[in-house]
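These notes concern the structure reproduced below.
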Ligand code: ASP
């Protein structure tokens, strides 16, 4: 018998991973020197109004600053969230996360969670008990979004500063400001208004339920490095990356992913070593258009993915055995 969920309060599982939203400083006016200190239960207890919207259950996946999240933590976080989502008693998931690498974790989850249930990633720029901390309201808005019916099927969402972004096109664009989390020109999907999220756009690239990637089939992720191009760049970092066993190199190129002579030489070096070479852009948004000169070096273009998102997709594609042509197709469709 199919359960009629409209007759019961929604159950939202809150997966804690750490970050500033779970941190505290010695004084309430220090916004920069702080440590992860709070459990997910403390985050829940600090926002009692969120429990009026749903039954909330906390799970502590890990408790670290997000700059410490490595590939094995990323995989186990995705496994943990996937298991929670499979439970018919779970209606939605909120993940509390540091903002530094939130965009990477959110996009990874967007690609590997086979679900239409709302999944919302949320962080904060100010520690939990600092003056005008943004954590409690961001968390409340994340629960609002997770319990809004139209959040279903939107893929992984990121809530910050009253806005709702799609995981694919969100990024941290400021070091410390309260509005650090922003969308590229494709990223803003909606806004939290009253006690609901209101959407004005939806993501059209493949994600979650329509993704081919399955967390249960993934055991480890390959090393993929990002190199930042600049005027007068050398080839030595490409060589070091190849020598260190990288299976793909993403270049944050200038403009339309243009390569300096040093990095172009690096692309040839990568091709000769069988390492995938991907052109992305350091500009932060826009589409890296293919060039006639890509074919001779077997270069892949990242489309509109930022270098850090391109790295996530490249890791997944390579882990699933994709060749260069299949990887390019993935860059065109995710
Ligand atoms: N360093 C913190 C982190 O990413 C920053 C934050 O959460 O805003 O964990």
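With each label modelled as a point 7 angstrom along the Cα→C-beta vector, the residue 216-residue 132 pair spans 4.8 nm. Of the peptides 76-87, 258-269, the ranking by mean beta-carbon count within 10 Å, highest at the top, reads 258-269, 76-87. Taking packing as the residue-averaged number of other Cβ atoms within 10 angstrom, the listed peptides 112-125, 217-230 run from highest to lowest as 112-125, 217-230.
The slack between residue 64 and residue 35, meaning 0.36 nm per residue of separation minus the straight C-alpha distance, is 9.6 nm. May I ask for the angle, rounded to the nearest 10°, between helix 135-146 and the longest principal axis of the chain, with both axes built from Cα atoms and the value confined to 0 to 90°? Between helix and principal axis, roughly 90 degrees. For the pair residue 79 and residue 258, a Förster radius of 41 Å applied to the C-beta separation gives a FRET efficiency near 0.60, rounded to the nearest 0.05.
The sum of -39500 (n - 2.57) across all DSSP H runs of n ≥ 4, divided by the residue count of the chain, sets its helix-only mean residue ellipticity at 222 nm to -8500 deg cm²/dmol. Summarising the strand pairing of the stretch 1-120, around 15 percent of its internal DSSP beta bridges are antiparallel. Taking every DSSP beta bridge that has both ends in the chain, the antiparallel portion is near 35%. Peptide packing for 67-73, 55-61, 162-168 was compared via the average number of neighbouring C-beta atoms within 10 Å per residue; ordered from the highest value, the list is 162-168, 55-61, 67-73.
Take the Cβ atoms of residue 325 and residue 71, set R0 to 22 Å, and the FRET efficiency comes out at 0.30.
Computed from Cα atoms, the angle from the helix 307-319 axis to the main principal axis of the chain rounds to 80 degrees.
Coordinate-derived values only; no laboratory data. These figures come from a predicted structure and were not determined experimentally. Virtual Cβ from ideal backbone geometry, glycine too; neighbours counted across all protein chains shown.
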